[in-house]
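J.: Quick one: this structure, given as structure tokens, is what I'll be asking you about.
No value in this document is a laboratory result; all are computed from the given coordinates. Note that this is a predicted model, so its numbers are computed, not measured. All Cβ positions, even for glycine, are placed from backbone atoms using ideal geometry, and neighbour counts span all protein chains on display.
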Amino acid sequence: MKYLILTDIHGNAEALEAVLEDARGDSIDSVLVLGDLVGYGAGPNEVIAQLLDLAQPIVVIRGNHDTVVATPLRDAHFNFVARRALRWTAQALTAENLEYLARLPRGPIEVAPGLFVCHGSPLDEDEYVISFEDAANVFSNHAGALTFFGHTHIPTCFTARDGELSSLELKGDGVSIQVEPGTRYLANPGSVGQPRDRDPRAAYFVYDSARAQIEWRRCDYAIEAAQRSILEAGLPEVLAHRLAIGI
């Protein structure tokens, strides 16, 4: 089984289109989307349309931005820029797409034996898994052998084996991770639509379960077009500027 794993698209239709094109030759069997389809970017309807058009079986779980957009008056804990984007998104979405977001399930979901997807962490969809301490808490309280997560926008892969925690560096033009028996993995591909690791390229995973291999990939996309859409929509300028520098 070959999975395409996407997270934190955040209304960036240009980035999603580029990723889907980049992965087109991989004979993908299933697409796993780890939440935050919307928020920040100016193409929320286009993003949902692209996902609904996919021919492969698709699993989509909600992210915190999806939940707030579909549930008004729950954005108080977001900063000013995020609140403006969330409220704009709620107004821009069609009624059908708002309903689609409202129906998205929360993670974690076990999509195959031992293979889980979640947004923040399998313990709390709003939790940021950043440090070894965060990862240790997940490994201690969640039994998944391989768990894909998002939310931080930072490419990350923590591993646990015989009580020892380590991490794999995800930087550059791609990394191949061999999934070893007896080792547990907590892996985040980074963001499709708003990377925050100072690399502006869209990020994603392809996981081949038959080969027990995760491929971490980056691809260029039409950043200037995404920026122009944000500015033309009247969204905060910072949301356009940050795309060019990956923060």
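J.: When only DSSP loop residues count, what trypsin sites (Lys or Arg not before Pro) in the stretch 206-247 have their Cβ near at most 14 other Cβ atoms within 10 Å?
T.: Numbers: sites: Arg211, Arg217, Arg218, Arg228, Arg242; in loops: Arg211.
Loop-located and lightly packed - Arg211.
J.: For Gln91 and Glu164 in one chain, what is 0.36 nm times their gap in residues minus the Cα-Cα distance, to one decimal in nm?
T.: Details: separation 73, 0.36 × 73 = 26.28 nm, distance 4.77 nm.
Going from the current span to full extension adds 21.5 nm.
J.: What number, rounded to the nearest 500 deg cm²/dmol, is the helix-based mean residue ellipticity at 222 nm of the chain, given -39500 (n - 2.57) per DSSP H run of at least four residues and division by all its residues?
T.: It comes out at -8500 deg cm²/dmol, rounded to the nearest 500.
J.: Okay, moving on. What's the center-to-center distance, using Cα atoms, between the stretch 155-211 and the stretch 93-134 in Å?
T.: What the calculation gives is 17 Å, centre to centre.
J.: Give me the distance in nm between label points sitting 7 Å out from Cα along the Cα-to-Cβ direction at Asp220 and Arg103, one decimal.
T.: My value for the distance between the label points is 3.9 nm.
J.: Moving to a separate point now. Relative contact order (percent) for the stretch 1-132, with alpha-carbon contacts under 8 angstrom and 6 or more residues of separation? All intermediate terms of the calculation are to be shown ahead of the outcome.
T.: On the way: 220 pairs, mean separation 29.5, N = 132.
Across the stretch 1-132, relative contact order equals 22 percent.
J.: Hey, another quick one. State the volume of the convex hull built on the alpha-carbon positions of the stretch 8-137, expressed per residue in Å³ and rounded to an integer.
T.: Enclosed volume per residue, from the Cα hull, is 126 Å³.
J.: Something else about it: Highest mean first, what order results for 189-199, 26-36 on Cβ atoms within 10 Å?
T.: Working: 189-199: 23.3, 26-36: 20.7.
So the order, starting with the most tightly packed, is 189-199, 26-36.
J.: Taking the inverse of the average 1/r across all pairs of different Cα atoms in the stretch 116-202, what Kirkwood radius in Å do you get?
T.: On the way: mean 1/r = 0.0759 Å⁻¹.
About 13.2 Å for the stretch 116-202.
J.: In debye, nearest 20, what is the charge dipole magnitude of the stretch 1-58 about its Cα centre with +1 on Lys and Arg Cβ and -1 on Asp and Glu Cβ, if you could check? Could the numbers behind the result be given before it?
T.: Working: 2 positive and 10 negative charges, 32 e Å.
Result for the stretch 1-58 is approximately 160 debye, rounded to the nearest 20.
J.: Along the principal axes of its C-alpha atoms, what lengths does the chain span, in descending order and rounded to whole Å?
T.: Result for the chain: principal-axis Cα extents of 51, 37, 32 Å.
J.: Something else about it: Could you work out the per residue convex hull volume over the alpha carbons of the stretch 66-134, in cubic angstrom? Show your work: numbers first, answer last.
T.: Working: hull volume 7.4 nm³, N = 69.
Considering the Cα atoms of the stretch 66-134, their hull volume per residue is 108 Å³.
J.: Per-residue counts of other Cβ atoms within 10 Å, averaged by peptide: what ranking do you get for 61-70, 118-127, 168-177, highest first?
T.: Numbers: 61-70: 24.9, 118-127: 20.8, 168-177: 13.4.
So the peptides 61-70, 118-127, 168-177, ranked by packing, come out 61-70, 118-127, 168-177.
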